[in-house]
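Below is one structure; the comments refer to it alone.
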Amino acid sequence: MTRRRLPAEEAKTIILNHAKLLFIEKGYDRATMDDLCVLTQMSKGNLYHHFKNKEVLFLKLLTQHTEQMSQKWLHLMEQSLSPSEQLLEMADLLGRDCESPLIQALEEYARTLSSESESLATLKGITETAYSAIRQVLQKGINQDVFINEDIETLSFGVMSTLAGATQLCLTMPNLSGDEYAALHVKAVKLLLKGVLMDKPGLK
């Protein structure tokens, strides 16, 4: 087999692209660096030169995925929407993300971690991206007297917990569509909003 020698950044891009397909096809547990050697036509030494193991590869892909989601949230927050509408749109985005096979592979990966794993810091950073966006919307709602003037951290925790729980449950229902995942997340947030809105308008 002819081994490919490429500039570092180009090699990393090729490795990541093939790794994503591999994790989607086989999940986290069954994917191996040997599989990736075949897909990329690179030597194992070359792969390990750029990424020391498949865990580092997977975390890099998750980070890229989170950055893409962050851009979607940023675009959403720049739109002329009410705080309630923004939360519902965020719920819709997170629900549709359940359709991503990479997120489903995350379930397998999470089961491999111990409470002292260094990788938890990376996963925490990913979670905090969503938490920060939710917190910003909630603070906007409080400032506009749309949401109750509750402690912002308490409100943020409540919304984040609701969405995280919805995602967790949706990942146990692999036969649903992106629209159905989104609808479940939106309904969960609508129920939550009934408890935090100042005037409690009807949410259909």
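The values are calculated or read from the model by the stated rules, or taken from the named source; none is laboratory data. Source: prediction; values computed, not measured. Quick reminder, even Gly has a Cβ in these numbers, built from the backbone with ideal geometry, and neighbours come from all protein chains shown. The protein model used for the area step is the full one, side chains on, heavy atoms only, and it has no ligands, DNA or RNA in it. Shrake-Rupley method; radii C 1.70, N 1.55, O 1.52, S 1.80 Å.
Quick notes
- Summed over the stretch 3-28, the residues that are within 26 Å of C98 (Cβ to Cβ), open to solvent by 70 Å² or more (accessible area, probe 1.4 Å) and at pLDDT 90 or above give a count of 3.
- The set of residues in the stretch 75-88 that are open to solvent by 40 Å² or more (accessible area, probe 1.4 Å), part of a helix (DSSP H, G or I) and under 11 Å from V137 (Cα atoms) comprises M77, E85.
- Residues (over 20 Å from E108 (Cα atoms) and touching a helix residue (DSSP H, G or I) at 6+ places or on another chain (Cβ under 8 Å)) located in the stretch 20-50: C37, L39, T40, M42, S43, K44, N46, L47, Y48, H50
- Qualifying residue in the stretch 53-69 (condition: open to solvent by 50 Å² or more (accessible area, probe 1.4 Å), among the polar types (S, T, N, Q) and under 30 Å from G165 (Cβ atoms)): yes
- Filter result for T129 (part of a helix (DSSP H, G or I), at pLDDT below 90, among the β-branched types (V, I, T) and closer than 30 Å to K26 by Cβ): yes
- Close pairs from the stretch 1-16: first closer than 17 Å to D35 by Cα, partner modelled with pLDDT of 80 or more and among the aromatic types (F, W, Y), Cβ under 8 Å, at least 6 apart: K12/F51; I15/F51
- Selection from the stretch 143-156 of residues that are touching a Leu at 6+ places or on another chain (Cβ under 8 Å) and among the β-branched types (V, I, T): V146, I148, I152
- Single residue of the stretch 89-126 satisfying the filter (β-branched (V, I, T) and part of a helix (DSSP H, G or I)) that is least open to solvent (accessible area, probe 1.4 Å): I103
- Filter result (under 17 Å from the mean Cα position of the chain (by Cα) and at pLDDT 90 or above) within the stretch 133-155: I134, R135
- Yes/no for E150 being surrounded by fewer than 17 Cβ atoms within 10 Å (Cβ to Cβ), of a type in the set (D, E) and in a loop (DSSP other than H, G, I, E, B): yes
- Residue within the stretch 175-194 that is part of a helix (DSSP H, G or I), at pLDDT below 85, open to solvent by less than 40 Å² (accessible area, probe 1.4 Å) and within 20 Å of Q139 (Cα to Cα) present: no
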